[in-house]
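Shown next, in structure tokens, is the structure this report addresses.
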Amino acid sequence: MEKIIDKARILIEALPYINEFKGKIFVIKYGGSAMKDKNLKQQVMKDVALLSSVGIKPVVVHGGGSDISKLLQSVGQESTFVDGIRVTNDDNIDYVEMMLSGKLNKQIVSDINYYQGKAVGISGRDGGMIQAVSLEGEKDGMSRVGKTVKIDASLLYTLLDAGYVPIVSPLGVDENGKSLNINADEVAGEIASELKAEKLIYLTDVDGVLDDGKLISQIDSKGASALIENGVISGGMIPKVSYCIKSNVSNVHILNGTLEHSLLLEIFTQEGIGTKIIK
């Protein structure tokens, strides 16, 4: 009986947060181990479906680096990275787009719909949503890697207003109509800024921002910048935190997506489990 009562207490604790965030937009960057592990993947899909069912408006931006690498390997192409960015050009862009938009995007849509969500899969090319420019002049071999110039959020608003959960693959289009592969962290940050989202949430493979192994539960953007400068924040965490600082989203969360139901624990409990970066 006590276990049943505990479940009721959990629901009661979540109630004020549900009321506070009803009708608000959350942008979730989904990738890493939470995307590779089958069980973790299903937990995230359930969480997104639940957020939608209680009136929150989630937008999911997904990556897919390891799956792209496997596909390229299967066709005899090597995966090369420069400063953490996949070298993408005319030789491999079709494979990149095939995996991101053709397979992974539709898998996520199918899984959320299975858990009674209403997901729709799109890429940044649809409706000219993500306009970008090539990094070719900045980095060698990056002719089909893009940097976001402008977000046209009209398609996203149409889907959200109709009760759908948009699932976005991080591809943009240049002025000549060519597709460009864009870093998913960047896309999530730019979309969240354009939508004036209530929250931007990055699901990662670590607990959040750590200082000497200890989790920083909350920090402001000025403090986060200082941690980058002094080397406390390093490696793959730098671009995520940088997008957090640049965005005009008031609350940015960095969570460990390998923890079961990390989204719900961060959003619907007072303690939270990750790092929250506030303006």
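Just a few scattered comments:
- When we screen 158, 148 for residues that are in a helix (DSSP H, G or I) and among the β-branched types (Val, Ile, Thr), the only hit is 158.
- For the residues 196, 178, 147, the requirement of being in contact (Cβ under 8 Å) with a residue 12 or more places away in the chain, surrounded by fewer than 19 Cβ atoms within 10 Å (Cβ to Cβ), out of contact with any strand residue (DSSP E or B) (no Cβ under 6 Å at 6 or more places or on another chain) and closer than 28 Å to residue 57 by Cα singles out 196.
- Strands (runs of 3 or more DSSP E) within region 184-258 that include 2 or more residues of a type in the set (Val, Ile, Thr): 199-204, 251-256
- Yes/no for residue 155 being closer than 23 Å to residue 252 by Cα and of a type outside the set (D, E, K, R): no
- On the stretch given as region 66-78, residues that are at pLDDT 90 or above and either surrounded by 13 or more Cβ atoms within 10 Å (Cβ to Cβ) or in contact with a Phe, Trp or Tyr (Cβ under 7 Å, 6 or more places away or on another chain) (or both) total 7.
- Residue list for region 57-94, restricted to those being of a type in the set (A, V, I, L, M, F, W, C) and within 16 Å of the chain's Cα centre (by Cα): 59, 60, 61
- Residue within region 4-25 that is of a type in the set (A, V, I, L, M, F, W, C), under 21 Å from residue 262 (Cβ atoms), in contact (Cβ under 8 Å) with a residue 12 or more places away in the chain and assigned to a strand (DSSP E or B) present: yes
The values are calculated or read from the model by the stated rules, or taken from the named source; none is laboratory data. Everything numeric here is computed off the predicted structure, so don't read it as measured data. For neighbour counting, all protein chains shown are included, and Cβ atoms are generated from backbone atoms with ideal geometry for every residue, glycine included.
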